[in-house]
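The values are calculated or read from the model by the stated rules, or taken from the named source; none is laboratory data. None of these values were measured; they are calculated from a predicted model. Quick reminder, even Gly has a Cβ in these numbers, built from the backbone with ideal geometry, and neighbours come from all protein chains shown. When the accessible area is computed, the model is the full protein with side chains, heavy atoms only, and any ligands, DNA or RNA have been set aside. Shrake-Rupley method; radii C 1.70, N 1.55, O 1.52, S 1.80 Å.
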Amino acid sequence: MIQDVLVLGAGSAGLIAALSVKRKIPQLNVRIVRSPDIGVIGVGEGTTPNFPRHIFDYLGISRKHFYELAEPTWKLGIRFLWGERGRFDYTFAPQLDAHWSDLPRPNGFYCDEEFSSVDITSALMRQDKAFPRQPSGAPDIQAWHAFHIENAKFVEILEVVAREAGVEVIDGRVTGADRGPQGITAVHLEDGRKLEADFFIDASGFRSELLGKVLEEPFESFDKTLFCDRAVVGGWERSESEPILPYTTAEQMDAGWSWQIEHEHHVNRGYVYSSQAISDDEAAAEFKRKNPKVPEAPRIVKFRSGCYKRLWVDNVIAVGNSGGFVEPLEATALMVVCSHCQTFVDFLLHSELDPTPSMRDLYNELVSQGWHDIRDFLGLHYKLNTALDTPFWKHCRADTDLSGIGALLEFYEENGPTGFCRYRMGSSQNDFGIEGYFVMLVGNRAPYRKRHAASPQEKAIWEAHRQANTNKAKQGIDVKEALYYVRHPGWQWNAEKPA
Ligand SMILES: Cc1cc2nc3c(=O)[nH]c(=O)nc-3n(C[C@H](O)[C@H](O)[C@H](O)COP(=O)(O)OP(=O)(O)OC[C@H]3O[C@@H](n4cnc5c(N)ncnc54)[C@H](O)[C@@H]3O)c2cc1C
């Protein structure tokens with residue numbers, strides 16, 4: 001039976017994992033070992049809505065504490081400067097997989113010409129507002145949001161909360177491990193110490209010290225579907241006149257795409273590209289040309305897209321970049337970390353801390369399916385984009401392997417954005433849902449045969465709905481003003497007792 005858990009790594013993955021275990025299974029002794037010399041990755045700043053749910057509802061971190069220490073801003077979705085339309089918004093609320101009761105077809109069939117302000121969240125995004133305004137003037141903070149958050153600040157607050165929860169944090173560099181019949185029995189530190197445990201969480205980032213190096217689990221590359229393998233990262237201090245946008249921007253570039261993430265005082269940009277298509281110098285030059293405000297020489301981060309064949313081997317489970325990674329086109333890394341932590345904690349609880357081999361197999365099947373779903377969803381972003389004719393984009397359109405979602409694409413090609421497409425998705429583990437696929441398909445104007453010819457009356461009803469959303473959004477509240485409200489001493493979070 002598991003009693004002692006050792007987490008290797010104190011980046012966001014290791015800290016979230018340690019806290020998840022300690023909060024839900026408090027009788028376990030949980031320690032973290034991390035190397036201050038190696039440090040954390042220091043990128044990873046957009047999230048999805050499962051992140052606030054995990055932080056507040058699952059880990060029980062107080063909103064007040066979190067907002068004070070982590071200083072997040074809100075993210076309603078992603079603005080894609082992408083494809084033939086040039087621009088469309090992916091919100092975290094259902095836009096296209098929804099249906100007005102006074103119209104005969106779902107929303108997706110009315111977006112051929114204009115795809116914006118389809119619901120209140122996308123109307124807010126279009127007006128650069130974060131939330132609707134309540135009659136009192138205060139923001140109506142809706143559930144459909146995620147955060148932009150600086151990795152260093154986030155890791156700092158997680159460490160404070162982890163220590164408060166009784167997690168011990170040990171500084172030291174792991175150089176090797178002892179193995180026994182059940183897996184790893186101890187890790188060795190550079191200074192000669194040895195740390196024993198009966199369950200290990202490998203959160204050592206791309207180094208994958210335990211799963212990859214000690215256990216030598218094979219790695220499956222996603223390079224048939226995702227061609228990018230590097231990022232140029234930079235940013236600048238925000239001037240007073242630059243609005244804090246309530247969304248991440250993802251913009252097509254010559255050999256990949258570029259993100260813009262909005263922090264209160266800092267604008268963070270990065271260009272994800274394929275090193276097969278352009279050199280680091282060419283990527284840095286394009287990045288600087290399009291972002292003249294980036295002051296310093298941008299930093300280059302190398303990565304490989306893919307995941308280990310199994311993420312749980314013997315008594316070692318890998319969480320975060322040590323288990324798998326894909327480029328941040330949908331900001332999925334922390335989403336995956338939170339979801340994996342909830343799943344394996346459930347497995348530990350349901351096996352009464354004595355997991356069986358078939359439990360491990362099931363876990364591995366579920367998380368592997370999840371990684372492959374993400375691979376295919378990201379691949380779709382590339383395959384459908386017909387806007388640029390650079391060698392990179394031609395290669396994406398011709399060669400991106402989407403065989404994993406072939407049945408869905410075939411069904412869509414015949415029937416268009418009908419909700420029945422969900423039955424051709426193949427997996428029920430997908431966090432994006434059919435909505436995510438529709439946004440990419442409709443946003444990129446992917447052709448389909450069974451089109452709906454809307455009557456003039458239908459068009460008028462459709463436009464009236466969009467206009468009502470726009471009118472409400474115009475009265476909304478932007479990020480700066482909303483931050484002012486939540487920092488006011490009188491502000492009270494609904495879900496929390498007064499501090
Ligand atoms: C370019 C880029 C952009 C990204 N953007 C996003 C985004 O927008 N949204 C998102 O959710 N994610 C994003 N990510 C991913 C995100 O940064 C990470 O997935 C997330 O922060 C988790 O990192 P980690 O904890 O797995 O690894 P790390 O932060 O690298 O932490 C690894 C830990 O292991 C320790 N360690 C390693 N080896 C040893 C050793 N031998 N001994 C002791 N300690 C050791 C390190 O000291 C550190 O504490 C991005 C990643 C990249 C590369």
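Where the second residue is open to solvent by 10 Å² or more (accessible area, probe 1.4 Å) and in a loop (DSSP other than H, G, I, E, B) and the first is under 18 Å from residue 298 (Cα atoms) and lies in the range 234-258, which pairs have Cβ atoms under 6 Å and are six or more apart or on separate chains?
234/298; 236/293; 238/265; 254/390; 255/277; 255/278
Here is a list: 409, 362, 366, 380. Which entry is under 27 Å from residue 453 (Cα atoms), open to solvent by 30 Å² or more (accessible area, probe 1.4 Å) and under 25 Å from the mean Cα position of the chain (by Cα)? Lay out the reasoning, then the answer.
Numbers: 362 fails: under 27 Å from residue 453 (Cα atoms); 366 fails: under 27 Å from residue 453 (Cα atoms); 380 fails: open to solvent by 30 Å² or more (accessible area, probe 1.4 Å).
Only one candidate passes the filter, namely 409.
Would you call residue 400 open to solvent by less than 10 Å² (accessible area, probe 1.4 Å) and farther than 19 Å from residue 85 by Cα?
Working: open to solvent by less than 10 Å² (accessible area, probe 1.4 Å): yes; farther than 19 Å from residue 85 by Cα: yes.
Considered against the rule, which asks whether it is open to solvent by less than 10 Å² (accessible area, probe 1.4 Å) and farther than 19 Å from residue 85 by Cα, residue 400 comes out as yes.
Report yes if residue 249 is in contact with a Leu (Cβ under 7 Å, 6 or more places away or on another chain) and either surrounded by 21 or more Cβ atoms within 10 Å (Cβ to Cβ) or among the polar types (S, T, N, Q) (or both), otherwise no.
Values: in contact with a Leu (Cβ under 7 Å, 6 or more places away or on another chain): yes; either surrounded by 21 or more Cβ atoms within 10 Å (Cβ to Cβ) or among the polar types (S, T, N, Q) (or both): yes.
For residue 249, the condition - in contact with a Leu (Cβ under 7 Å, 6 or more places away or on another chain) and either surrounded by 21 or more Cβ atoms within 10 Å (Cβ to Cβ) or among the polar types (S, T, N, Q) (or both) - is met.
Please specify each residue of the range 205-233 satisfying the condition of being open to solvent by 10 Å² or more (accessible area, probe 1.4 Å), part of a loop (DSSP other than H, G, I, E, B) and more than 16 Å from residue 310 (Cα to Cα). Can you show your working first?
Taking the range 205-233 first, the residues open to solvent by 10 Å² or more (accessible area, probe 1.4 Å) are 205-207, 209, 212-221, 223-224, 227, 229-230, 233.
From the residues that got through so far, the ones that are part of a loop (DSSP other than H, G, I, E, B) too are 215-218, 223-224, 227, 229.
Result: 223, 224, 227, 229.
Quick check: anything in the range 304-317 surrounded by 16 or more Cβ atoms within 10 Å (Cβ to Cβ), in the same structural domain as residue 185 (by TED's automatic domain parsing) and either among the acidic types (Asp, Glu) or in a helix (DSSP H, G or I) (or both)?
For the range 304-317, residues surrounded by 16 or more Cβ atoms within 10 Å (Cβ to Cβ), in the same structural domain as residue 185 (by TED's automatic domain parsing) and either among the acidic types (Asp, Glu) or in a helix (DSSP H, G or I) (or both): present.
Any chance you could count how many residues in the range 259-275 are more than 13 Å from residue 479 (Cβ to Cβ) and either within 13 Å of the ligand (Cβ to nearest atom) or acidic (Asp, Glu) (or both)? Spell out how you get there, then give the answer.
Residues of the range 259-275 that are more than 13 Å from residue 479 (Cβ to Cβ), as a first pass: 259-260, 266, 268-275.
The next check asks that each one be either within 13 Å of the ligand (Cβ to nearest atom) or acidic (Asp, Glu) (or both); those that pass are 259-260, 268-273.
Qualifying residue count, the range 259-275: 8.
Need pairs with beta-carbon distance below 7 Å; first residue surrounded by 24 or more Cβ atoms within 10 Å (Cβ to Cβ) and within the range 15-36, second of a type in the set (Lys, Arg); sequence gap 6+ or separate chains.
30/22
Checking residue 3 against (1) open to solvent by less than 10 Å² (accessible area, probe 1.4 Å); (2) farther than 26 Å from residue 129 by Cβ; (3) more than 16 Å from the ligand (Cβ to nearest atom): exactly one of these is not met. Which one?
Result: residue 3 passes all but (1).
If the requirement is being within 13 Å of the ligand (Cβ to nearest atom), of a type in the set (Val, Ile, Thr) and under 21 Å from residue 215 (Cβ atoms), which of these qualifies: 337, 301? If you could, list the steps in order and put the result at the bottom.
Values: 301 fails: under 21 Å from residue 215 (Cβ atoms).
Only one candidate passes the filter, namely 337.
Assuming residue 8 fulfils every condition listed in (1) in contact with a Phe, Trp or Tyr (Cβ under 9 Å, 6 or more places away or on another chain); (2) more than 16 Å from the ligand (Cβ to nearest atom); (3) at pLDDT 95 or above apart from one, which condition is it?
With (1) in contact with a Phe, Trp or Tyr (Cβ under 9 Å, 6 or more places away or on another chain); (2) more than 16 Å from the ligand (Cβ to nearest atom); (3) at pLDDT 95 or above applied to residue 8, the lone miss is (2).
Given the criterion touching a His at 6+ places or on another chain (Cβ under 8 Å), open to solvent by less than 10 Å² (accessible area, probe 1.4 Å) and under 30 Å from residue 43 (Cα atoms), identify the matching residue among 124, 76.
Details: 124 fails: touching a His at 6+ places or on another chain (Cβ under 8 Å).
Checking each option against the conditions leaves just 76.
Name the residues in the range 423-440 that are within 15 Å of residue 330 (Cα to Cα) and touching a Phe, Trp or Tyr at 6+ places or on another chain (Cβ under 8 Å), would you?
430, 432, 436, 437, 439, 440
Every residue in the range 80-110 that is over 19 Å from residue 454 (Cβ atoms) and among the acidic types (Asp, Glu), please.
Within the range 80-110, 84, 89 qualify.
Is at least one residue of the range 370-383 in contact with a Phe, Trp or Tyr (Cβ under 7 Å, 6 or more places away or on another chain), among the charged types (D, E, K, R) and touching a residue at least 60 places away in the same chain (Cβ under 8 Å)?
The answer is yes; a qualifying residue exists.
Kindly state which helices (runs of 4 or more DSSP H) lie completely within the range 343-426 and contain at least 1 residues that are among the β-branched types (Val, Ile, Thr) and closer than 30 Å to residue 312 by Cα. Please lay out each step first, then the result.
Values: elements: 357-383, 391-399, 406-415.
Where helices (runs of 4 or more DSSP H) fall fully within the range 343-426 and carry at least 1 residues being among the β-branched types (Val, Ile, Thr) and closer than 30 Å to residue 312 by Cα, they are 357-383.
Would you confirm whether or not the range 57-66 contains a residue that is away from the ligand (no atom under 13 Å from the Cβ), under 20 Å from the mean Cα position of the chain (by Cα) and without any contact (Cβ under 8 Å) to a residue 40 or more places away in the chain?
Yes; the residues of the range 57-66 include at least one that is away from the ligand (no atom under 13 Å from the Cβ), under 20 Å from the mean Cα position of the chain (by Cα) and without any contact (Cβ under 8 Å) to a residue 40 or more places away in the chain.
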